[in-house]
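To start, the structure under review is shown below, and the notes come after it.
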Amino acid sequence: GAKLPAFNAPMWDGQVLGDKTLLLWSEQGLAETIQFIRFAPLLKGFASRVILACQPALVRLMTTAPVIDGVVPLGEQLPPFDAHLPLMSAMHRLGTTLASIPSHLPYLATDSARVHALSGLITGDAIRIGLNWGSDSDSIDGGDRSIRLDALRQILSIRNVSFYSLQRGTAASELANSAFADRIVDVTPYLGDAADAAAAISMMDLVITVDSTVAHLAGALDKNTWLLLPHCADWRWLEKRTDTPWYRSTLLF
């Protein structure tokens, strides 16, 4: 039922555009934008300029994506372009198979100044583990991809480990009312957008997360990640495997 924007240029048909400009735009969620921006370098082979229109929370982070010539927030005035493509249609236009998924990692980068700013909060020599237990999705299966914080009780009992909450949204309120409030450092009040979240994730030794934006952000940064999936998981995680062709440092449970 999604309604496509009314662009004054055609949808890209896969032909070489030469010295023209291709607009990529994010038609789904934050996670999808992070996952599929990996196709931008391949698309650059078809157009002189590739620009991206994405969610405002991702604009600063997406400026670190390779070969992107410009990033604008969705809903604002777009620069001139000659053809457009919904970001998740890149796979179809490029004829992508499991064997040809772009695998160069990491393909996003962090802001060193923001990492430095967080160093007073994320500190010490103990192993650092970032936790995300609730999906940030409003979709119908969002609840199926979330767990209760209490489900991590056994992990949280491990000593000589520092735990950090990367959880945002309604599930974040569980922390303050839990028995783990003094066991987990909540860094999310200091994270304004996805670029801030990337800085925090880059400082972790391991991220343990459900299927959410955090999972894709950690994967795109090539961070060691344990991804907790429902038995009937989303299509992108395939079936009956513990690895994923999308992110080489992610282990599927």
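Here are the numbers for this structure:
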quantity: Which listed residue, of GLN35, GLN28, GLN15, is within 28 Å of LEU227 (Cα to Cα), surrounded by fewer than 19 Cβ atoms within 10 Å (Cβ to Cβ) and touching a residue at least 12 places away in the same chain (Cβ under 8 Å); calculated: GLN28
quantity: Criterion: open to solvent by less than 70 Å² (accessible area, probe 1.4 Å) and in contact with a Lys or Arg (Cβ under 6 Å, 6 or more places away or on another chain) - qualifying residue of VAL59, VAL72, VAL50; calculated: VAL50
quantity: Looking only at region 30-62, and only at residues there that are more than 21 Å from ASP111 (Cβ to Cβ) and of a type in the set (Lys, Arg), the one that is farthest from the chain's Cα centre (by Cα); calculated: ARG49
quantity: Whichever residue in region 212-233 is out of contact with any strand residue (DSSP E or B) (no Cβ under 7 Å at 6 or more places or on another chain) and modelled with pLDDT of 95 or more and, among such residues, is farthest from PRO102 (Cα to Cα); calculated: THR213
quantity: 3 or more residues touching a Ser or Thr at 6+ places or on another chain (Cβ under 7 Å), charged (D, E, K, R) and open to solvent by less than 20 Å² (accessible area, probe 1.4 Å): qualifying strands (runs of 3 or more DSSP E) within region 159-224; calculated: none
quantity: Region 242-253: number of residues that are part of a loop (DSSP other than H, G, I, E, B), open to solvent by 40 Å² or more (accessible area, probe 1.4 Å) and closer than 25 Å to LEU149 by Cα; calculated: 3
quantity: Residue that is least open to solvent (accessible area, probe 1.4 Å), among those in region 2-12 that are of a type in the set (Gly, Ala, Ser) and farther than 21 Å from ASP136 by Cα; calculated: ALA9
quantity: Out of PRO102, PRO86, sole residue that is under 16 Å from the mean Cα position of the chain (by Cα), farther than 23 Å from ASP186 by Cα and surrounded by 15 or more Cβ atoms within 10 Å (Cβ to Cβ); calculated: PRO102
quantity: Selection count, region 90-99, where residues are open to solvent by less than 40 Å² (accessible area, probe 1.4 Å) and modelled with pLDDT under 95; calculated: 0
quantity: Spans of helices (runs of 4 or more DSSP H) in region 1-69 with at least 2 residues of a type in the set (S, T, N, Q); calculated: 30-36
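The values are calculated or read from the model by the stated rules, or taken from the named source; none is laboratory data. Just so we're clear, the structure is a prediction, and the values are computed from it rather than from any experiment. Note: ideal-geometry Cβ built from the backbone for every residue, glycine included; neighbour counts use all protein chains shown. Protein only, heavy atoms only, side chains kept; ligands, DNA and RNA dropped before computing areas. Shrake-Rupley method; radii C 1.70, N 1.55, O 1.52, S 1.80 Å.
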